[in-house]
Ligand code: DC
């Protein structure tokens, strides 16, 4: 628990661009602390997967919003990690296909999609302490948390990480779309600690995050 008077669960917000290493860091940090791990990008990806499966035009915000209203989005927890289903189906590995990579930014730009998923993300805080990663966690989803991090890495390092994952999606295009959208773009929160992970291991970034949290009053369990 933090050094504050509050009994609200500790929330660690980790934002950053694609392939910055934030997912690996968030997962490792959550495991280290015994906190729930929530990958909010998986929720945007699940809606995108459903949009594509239904043959809906991902570039048509009204069509995407209408499709969203027909969906039942199941947000659960398994083995300390958040899970997402669409109409009872687990998209599994389909979440990280090139098709989903190509279409997730336009879907994530639709205001109704953001409002729906942000509300579901906030519900996770009722379950206890958590680490949530995404693009707007420190700015929009949990702006009140004192533990906010922005994990970055150079374009070269991010491209190389992507290639090692066997992916060659256009990171620059996705960054541009995620950073320039009108509704909750990817920006660095004023009070976030920025960590450049270009030349650090996951463990080193986790240690840097923990050191910053301790300096902010957090007591490591
Ligand atoms: O973290 P990721 O690459 O899996 O995220 C996929 C997309 O989802 C990303 O390009 C933008 C969107 N996203 C978002 O808009 N807000 C979030 N909190 C998380 C992801």
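The values are calculated or read from the model by the stated rules, or taken from the named source; none is laboratory data. Just so it is clear, the structure is predicted and the values come from calculations on it, not from any experiment. FYI the Cβ positions are ideal-geometry reconstructions off the backbone, even for glycines, and counts take in every protein chain you see.
So here's what we get for this one:
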quantity: Among the candidates 48, 83, residue that is more than 17 Å from residue 209 (Cβ to Cβ), within 16 Å of the ligand (Cβ to nearest atom), free of Cβ contacts under 8 Å to residues at least 12 places away in the same chain and outside any loop (DSSP other than H, G, I, E, B); calculated: 83
quantity: Complete set of residues in the stretch 177-221 that are within 16 Å of the ligand (Cβ to nearest atom) and over 25 Å from residue 9 (Cα atoms); calculated: 177, 178, 179, 180, 181, 182, 183, 185, 197
quantity: Meets criteria (more than 18 Å from residue 21 (Cβ to Cβ) and touching a helix residue (DSSP H, G or I) at 6+ places or on another chain (Cβ under 9 Å)) for residue 195; calculated: no
quantity: Residue in the stretch 125-138 that is touching a helix residue (DSSP H, G or I) at 6+ places or on another chain (Cβ under 8 Å) and away from the ligand (no atom under 15 Å from the Cβ) present; calculated: yes
quantity: Residues being farther than 15 Å from residue 187 by Cβ and either within 14 Å of the chain's Cα centre (by Cα) or not in a loop (DSSP other than H, G, I, E, B) (or both) - total across the stretch 106-141; calculated: 22
quantity: Residue satisfying condition, being in a helix (DSSP H, G or I), at pLDDT 95 or above and either away from the ligand (no atom under 14 Å from the Cβ) or over 19 Å from residue 121 (Cα atoms) (or both), within set 42, 30, 26; calculated: 30
quantity: Residue match in the stretch 167-176 (condition: part of a helix (DSSP H, G or I), within 15 Å of residue 104 (Cβ to Cβ) and within 9 Å of the ligand (Cβ to nearest atom)); calculated: yes
quantity: The stretch 30-45, residues that are touching a helix residue (DSSP H, G or I) at 6+ places or on another chain (Cβ under 9 Å) and free of Cβ contacts under 8 Å to residues at least 60 places away in the same chain; calculated: 42, 45
quantity: Residue check for residue 93: more than 11 Å from the ligand (Cβ to nearest atom), in contact with a helix residue (DSSP H, G or I) (Cβ under 8 Å, 6 or more places away or on another chain) and at pLDDT below 95; calculated: no
